[in-house]
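The values are calculated or read from the model by the stated rules, or taken from the named source; none is laboratory data. All figures in this text were calculated on a predicted structure; none of them were measured in a lab. Ideal geometry is used to build each Cβ from the backbone, glycine not excepted, and the neighbour counts take in all protein chains shown. SASA here: full protein model, heavy atoms, side chains in, ligands and nucleic acids out. Shrake-Rupley method; radii C 1.70, N 1.55, O 1.52, S 1.80 Å.
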Amino acid sequence: MSITAGLVEDDRVHRSVYTDPAIFELEMQNIFGATWIYVGHESQVPNDGDFITASIARQPLLMVRDKGEVHLLYNRCPHKGAQVVPEGQGNARMFRCAYHGWIFQRDGAVRTIPLDDGYEGTCMSKNSPDASMTRVANVASYRGFVFACLADEAPPFREWLRGVDSSIDNMADRSPEGELEVTGGVLRYMHRCNWKIFLENLNDLMHPMVTHMSSSGTARSVANRHFGKGEKLPPAIEILGPFTSNYEFFEDMGIHAFPGGHSYSGGTVSIHSRYSEIDAYNEAMNAAYGEARAREIFSMNRHNTIVYPSLTLKGPIQTIRVIKPIAVDRTLVESWTFRMKGAPDELLERSILYCNLINSSANLVGPDDHEAYQRIQAGLMTDKVEWVNMQRHMGKEQPNEDGGWSAMGTSDLVFRNQYRTWAAYMEKAA
Amino acid sequence: MNADLQKVEDFLVHEARLLDARDWAAWDALFTPDGIYWMPAAPGQTDPLQHVSLIYENALLREIRIRRFADSSAFSLQGGPRGWRIVANARIDAHDAEASTITVSSRLMAAEYQRDRTTRFEAFVTHRLVTEGDSFRIAMKRVELLDCDAARGDINLYL
């Protein structure tokens, strides 16, 4: 019997899914090693020879463009195992291992082995596939978002993405040219908690008005001191204020879950939907799409979308947070920002401001989330109480024609759906 | 110039001690009305608007952060982080007498303690100071952590 059997029930999960290092190792194989995981965006490697290092489940990868195509390689020399390219990005004609000088083409094929006659007749001879860098078996891209599946057999990509592909579409469609470009650097925030605690929080709409009172609530009261009623507020206040909207607002935002563990909250309204209009941007959108279509694009306003298990995105503010589990109680969260091609700089600057205020490790809002995660991780050490409850608004979800389920914003639907998926991944591989 | 350097060093130590004492209001009052506190997220970062930062704050955002420091519902601040700073190797890099501005670079070592954990910080610091009477106001304070682009946990105070 697998070590995860019986840990997930319809309405609760056993605490060990967050605390047991053996379960964490299994997750790396059975979830992160078995399904589609976001690795990077095509705009990070626009030209031939451009590369970035990436990782899935702690395994080093190399994403590189060659002859127009994006390749994903295990970043490991086939010889002694050294990482071929250290952390970072750049442009290269070929890759040379720092240890014994093996040289690889940009598609990973071995080009030169020093004194190669010593390998004659072995699997390290130049014409043997074992002597080249290994390619990741499955790579797929959607609107520039590159995903990989390390397993030999991957779930059908488009079917797997169903339900949340529309969130990616909406983020890209918000560009007058329909294209996004990663820019503005990355924020890397190390969390002292299990990766699933971070993930669950993104569509936990019962916490903001409590956890974020000291930041968002303070921003509101400071704004009240400086700005009169109806006066235009600076973008920072527009960003911080809505986190402490009332319960009714978050309840009405609604929440949606899909097979595969995916979800999003919000729909037509979210904490991002009251940002000031930027006239030059609206004009560019109207010119590109026509007014009706532009209005339709803006009418979708989602809060957090989770492409389970590791890509989370915010379409209306053009930012993603990528979840990288490090250990059972360590999770790296990388936050990236996108420029919408054809949009005025003001939009990018708002996204950057958003990330500074919400996603940096010195930000005003996130440390209180992080504090809650650490308290969960600590509280779950309690032997006497073994289960984590997920019963809120249970049974009130409605099936949708798109194959998912919808519920009021504060429902635990999303958590129940995530663990249904989690158990399926863990048990399928057992 | 030497006399200026002494005055500048005194000011930097005064500023660091206000931070050590968590006298945030007195510290904030050292800034010019449009003064900026900047903690970049990449070494050598020159663009604070189209590149992310760990902190990039004007007076309004500093007011929010400083009020939050005193807010009992700031859960991550419970068990009160406390810290100290050592400022060293100060040099005047530029002096524009006409505009009454001085650019000073220095090195900072600091430590923050909270709940059984000590975090140490090392940084290159640049102050753009405006002379005001016998002292200075801060037009810009840029704190570039040595490991500003590293994966890191919370920074819960001004350095």
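Calculate, for the protein assembly as shown, the solvent-accessible area per residue in square angstrom, rolling a 1.4 angstrom probe over the heavy atoms of the protein chains. Could you put the intermediate results ahead of the total?
Values: 25000 Å² over 589 residues.
Accessible area per residue: 42 Å².
Apply the Kirkwood formula to region A:303-397: the hydrodynamic radius equals the inverse of the mean of 1/r over all pairs of different alpha-carbon atoms; give it in Å with one decimal. Walk me through the numbers on the way to the answer.
On the way: mean 1/r = 0.0629 Å⁻¹.
It is 15.9 Å.
Run through region A:150-192 and list the GluC sites (Glu not before Pro) located in a DSSP loop whose Cβ has at most 14 other Cβ atoms within 10 Å.
On the way: sites: A:GLU153, A:GLU159, A:GLU177, A:GLU179, A:GLU181; in loops: A:GLU153, A:GLU177, A:GLU179.
Passing both the DSSP loop test and the Cβ count: A:GLU153, A:GLU177.
Provide the net charge surrounding A:PRO155, with neighbours chosen by a C-beta distance below 15 Å and charges set as Lys +1, Arg +1, Asp -1, Glu -1.
On the way: positive: A:ARG158, A:ARG162, A:LYS428; negative: A:ASP152, A:GLU153, A:GLU159, A:ASP165.
It works out to a net charge of -1.
Nearest-5 percent of antiparallel DSSP beta bridges in the protein assembly as shown? Could the numbers behind the result be given before it?
Values: 111 of 116 bridges.
So the antiparallel bridges in the protein assembly as shown amount to around 95 percent.
Nearest 500 deg cm²/dmol is fine: what mean residue ellipticity at 222 nm does chain A get from its DSSP H runs of n ≥ 4 alone, each adding -39,500 (n - 2.57), divided by its residue count? Walk me through the intermediate numbers first.
On the way: 14 runs with 122 residues, N = 430.
Roughly -8000 deg cm²/dmol at 222 nm, from the helical runs in chain A.
GluC sites (Glu not before Pro), restricted to region B:57-136: which are DSSP loop and have at most 12 other Cβ atoms within 10 Å? Kindly include the intermediate steps, with their values, before the conclusion.
Details: sites: B:GLU57, B:GLU63, B:GLU98, B:GLU112, B:GLU122, B:GLU132; in loops: B:GLU98.
When the GluC sites (Glu not before Pro) of region B:57-136 are filtered for loop state and at most 12 Cβ neighbours within 10 Å, B:GLU98 remain.
Give me, ordered by chain and number, the residues 5 or more places off A:SER55 or on other chains with an amide H under 5 Å from its own placed amide H.
Residues meeting the amide H criterion: A:LEU61.
Only helical DSSP H runs with n ≥ 4 go in: add -39500 (n - 2.57) per run for chain B, normalise by residue count and round the 222 nm mean residue ellipticity to 500 deg cm²/dmol.
Details: 3 runs with 35 residues, N = 159.
When only DSSP H runs of four or more count, the value is -7000 deg cm²/dmol.
Cα extents of region A:37-149 along the three principal axes, largest first, in whole Å?
The Cα atoms of region A:37-149 stretch 46, 25, 22 Å along the principal axes, largest first.
With everything on Cα atoms, drop me the angle between helix B:59-69 and the longest principal axis of chain B, reported from 0 to 90° to the nearest 10.
Result, in degrees: 40.
Taking the Cβ of A:THR19 as the center, what net charge do the other residues with Cβ under 12 Å away carry, scoring Lys and Arg +1 and Asp and Glu -1?
Details: positive: A:ARG15, A:LYS196; negative: A:ASP20, A:ASP329, A:ASP383, A:GLU386.
Charge balance in the 12 Å sphere: -2.
Return the aspartates and glutamates within reach of A:LYS314: Cα separation strictly under 12 angstrom, same-chain partners fewer than 8 residues apart disregarded; answer none if there are no such residues.
A:LYS314 reaches A:ASP169.
How large is the Kirkwood hydrodynamic radius of region A:268-329, in angstrom, based on all distinct alpha carbon pairs?
Working: mean 1/r = 0.0735 Å⁻¹.
For region A:268-329, the Kirkwood estimate is 13.6 Å.
So how much accessible area does A:LEU7 have, in Å² to the nearest 10, using a 1.4 Å probe?
Spelled out: A:LEU7, probe radius 1.4 Å, area about 20 Å².
With every protein chain left in place, what is the accessible area of B:TRP38 in Å² (1.4 Å probe, nearest 10)?
Answer for B:TRP38: close to 10 Å² accessible.
Calculate the length of the line joining the C-alpha centroid of region B:20-63 to that of region A:314-355, in whole Å.
A separation of 21 Å, based on Cα centres.
Starting from region A:220-277, pick out the GluC sites (Glu not before Pro) whose DSSP state is loop and whose Cβ has at most 12 other Cβ atoms within 10 Å.
Numbers: sites: A:GLU231, A:GLU238, A:GLU248, A:GLU251, A:GLU277; in loops: A:GLU231, A:GLU277.
Taking region A:220-277 and a limit of 12 other Cβ atoms within 10 Å, the loop GluC sites (Glu not before Pro) found are A:GLU231, A:GLU277.
Quick check: Cα centre of region B:95-158 to Cα centre of region A:404-430, how many Å?
46
Starting from the Cα of A:LYS196, draw a straight line to each of the lysines and keep only those under 16 Å, dropping any in the same chain fewer than 8 residues away.
Filter leaves A:LYS324.
Over both sides of the B-A contact, add up the buried accessible area with a 1.4 Å probe and give it to the nearest 100 Å². If you can, show how the numbers build up before the last one.
Numbers: alone 8920 and 19250 Å², together 25000 Å².
Accessible area lost upon association: around 3200 Å².
Give, in whole angstrom and from largest to smallest, the semi-axes √(5λ) of the equivalent ellipsoid of region B:8-159, with λ running over the eigenvalues of the Cα gyration tensor.
Details: eigenvalues 121, 61, 49 Å².
In descending order, the three semi-axes are 25, 17, 16 Å.
Largest first, how would B:SER135, A:SER411 line up by accessible area (1.4 Å probe)?
Largest accessible area first, the list is B:SER135, A:SER411.
From the protein chains alone at 1.4 Å, what is the descending order of accessible area for B:THR46, A:THR4, largest first? Could the numbers behind the result be given before it?
Numbers: B:THR46 120, A:THR4 0 Å².
Final ranking, largest accessible area leading: B:THR46, A:THR4.
In chain A, what cysteines have no partner Cβ closer than 4.7 Å?
Cysteines lacking a close Cβ partner in chain A: A:CYS123, A:CYS149, A:CYS193, A:CYS355.
For the pair A:ALA140/A:SER128, report the inter-label distance in nm, with labels modelled 7 Å from Cα in the Cβ direction.
Label at A:ALA140, label at A:SER128, 3.4 nm between them.
How much of A:HIS41 can a 1.4 Å solvent probe reach, expressed as accessible area in Å² and rounded to 10?
10
I'd like the Kirkwood hydrodynamic radius of chain A, using the inverse of the mean 1/r over distinct C-alpha pairs, in Å.
Working: mean 1/r = 0.0433 Å⁻¹.
This gives a value of 23.1 Å.
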